Amino acid sequence: MEYPKFTKDMRKTHTILIPSMLDIHMALFENALRGSGYKVEVLKNVGPSVVENGLKYVHNDTCYPALLVIGQFIDALNNRNDTHNIVLLITQTGGGCRASNYIHLLRKALIKAGYDYVPVVSLNASNLEKDSGLAINYSLIKKVAAAMTYGDFLMYLRNKARSYEINKGDTQNLTNKWVENLSKQIDNNKGLSLKAIKKNLFKIAKDYDDLKLDLTHKIPQVGVVGEIYIKYASLGNNGLEDFLVSQKAEAMVPGLYGFIYYCLYNQIYDYEIYGSGKIKKYVAKFIIKYLERREDLMIKAIRTTKFTPMKYFKETKELSSGVLSHGTKMGEGWLLTAEMMELVEIGYGNIVCAQPFGCLPNHICGKGVMKKIKEIHPDANIVAIDYDPSATRVNQENRIKLMLAIAKEKIDPNEPAKL
Ligand code: SF4
């Protein structure tokens, strides 16, 4: 069947809508695309009508992230006067999981909702949808890589600081200030070279280090892992990070670098374990080296502050060894296990493993390995929470409160916070 295509000519006339996921990153990605000549808008519509549209136009057996992304797109189209100059952008991992079919589900939903003329463009690293007008060239990759570096860095430091701030709102204000500053830089093709990234990262680190924090008492430090959309999107996890902060806990969500590294290392493991894709292996190694230089700068910048940095991913990836094979790569696969192990080792022994209900891969790589992780780290306090349209927020939050109660019991009231 022929679908409407996003052509090169449409770059000037059409606005690309992007579903929301990570607030800081999305604002920076928006500017990376804008700086490359695209008209872009990250969706902000949330609320019951998103889920209702998802349920109306997608089968309720479909993965919850797909239901939300499609529901958010259709809800956004329903609230626009002119939908003829719109393009929808969807990301695909290209793996063996159902995520590779989201684009077909979206096109089917668009036909049912009367928007069959709206083009859909896929952003992926697996050469799916080859005839798209979205040009993935070096200039755009450089901008997206810089945006991802800044996004991960700001998210990490914001999460580290926000639960301890003395003046309410200081951390978010500082984050907003830097998002605005970096957006302008990216939009103007600045802040992209390694030298410029280094300069920005060290300045940002100093600003967060200067925030006034109350570190007199330790509070529960909670890591969030899980399926990528549910882990990051507050629309998908019912505002999980904010909820944890409201419960006087520190919430830490591993960065997007981990997921990108995971996709790249899978190309290497595909060759090493299954004997396929020799060229892809070399391309992946090249990109990994490119990212490692930026990751190194992030860690070195954090080391100049009072905050504990994340681990280098080449160390993190090894942490799943002995628990889950690197050949397990459906859904978040071995990454989910490795991230839980990393979080426990850097002080986040309390973990929320967030996944869509019925997501078999992540139930295996998340829930399925908890027993083994607890054998290795007996203090690990992990709770698995499922998200879907019928799961109640109250139930989810009560289970998280129970996990937090266990975490609080283990804290010495006189122990100071360690960041
Ligand atoms: S990881 Fe889970 S939620 Fe995501 S596409 Fe696969 S089965 Fe669906």
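Just for region 4-59: of the residues that are out of contact with any Gly (no Cβ under 9 Å at 6 or more places or on another chain) and among the polar types (S, T, N, Q), which one is modelled with the lowest pLDDT?
Among residues in region 4-59 that are out of contact with any Gly (no Cβ under 9 Å at 6 or more places or on another chain) and among the polar types (S, T, N, Q), the one modelled with the lowest pLDDT is S36.
When region 114-149 is examined, which residues are found to be modelled with pLDDT of 90 or more and among the basic types (K, R)?
K142, K143
Among L22, L43, which is within 17 Å of L235 (Cβ to Cβ) and without any contact (Cβ under 8 Å) to a residue 40 or more places away in the chain?
Going through L22, L43 in turn, the sole match is L43.
Given the conditions (1) within 16 Å of the ligand (Cβ to nearest atom); (2) over 18 Å from I230 (Cβ atoms); (3) not hydroxyl-bearing (S, T, Y), and given that R98 satisfies all but one, which numbered condition is not satisfied?
Just one mismatch for R98, condition (2).
Here is a list: L194, L154, L182, L201. Which entry is modelled with pLDDT of 95 or more, surrounded by fewer than 18 Cβ atoms within 10 Å (Cβ to Cβ) and not assigned by TED's automatic domain parsing to the domain that holds E241?
L194
Tell me the residue from G358, G275, G322, G366 that is within 16 Å of the ligand (Cβ to nearest atom), at positive phi and not polar (S, T, N, Q), please.
Among G358, G275, G322, G366, only G358 is within 16 Å of the ligand (Cβ to nearest atom), at positive phi and not polar (S, T, N, Q).
Quick one: is I70 buried (at least 20 other Cβ atoms within 10 Å of the Cβ), within 16 Å of the ligand (Cβ to nearest atom) and part of a helix (DSSP H, G or I)?
yes
Taking T308, is it crowded, with 20+ Cβ neighbours inside 10 Å and at pLDDT below 95?
No.
Return the pair list, or none, for Cβ contacts closer than 8 Å from residues in region 317-332 that are free of Cβ contacts under 8 Å to residues at least 60 places away in the same chain to residues that are within 16 Å of the ligand (Cβ to nearest atom) and of a type in the set (S, T, Y), at least 6 apart or on different chains.
The qualifying pairs are K317/Y262; L319/T337; S320/T337; V323/T337; L324/T337.
Sort through K367, K401 and tell me the only one that's touching a residue at least 60 places away in the same chain (Cβ under 8 Å) and basic (K, R).
K401
Being at pLDDT 90 or above and of a type in the set (G, A, S) is the filter; apply it to region 311-326 and report the residue that is farthest from R98 (Cα to Cα).
So, considering only residues that are at pLDDT 90 or above and of a type in the set (G, A, S), the one farthest from R98 (Cα to Cα) is S320.
In region 204-219, how many are surrounded by fewer than 14 Cβ atoms within 10 Å (Cβ to Cβ), closer than 18 Å to E250 by Cβ and not hydrophobic (A, V, I, L, M, F, W, C)?
Summing the residues that are surrounded by fewer than 14 Cβ atoms within 10 Å (Cβ to Cβ), closer than 18 Å to E250 by Cβ and not hydrophobic (A, V, I, L, M, F, W, C) in region 204-219 gives 3.
The values are calculated or read from the model by the stated rules, or taken from the named source; none is laboratory data. Quick caveat, the model's predicted, so the values are computed rather than measured. Counting neighbours? That spans all protein chains shown, and the Cβs are built from the backbone with ideal geometry, glycine included.
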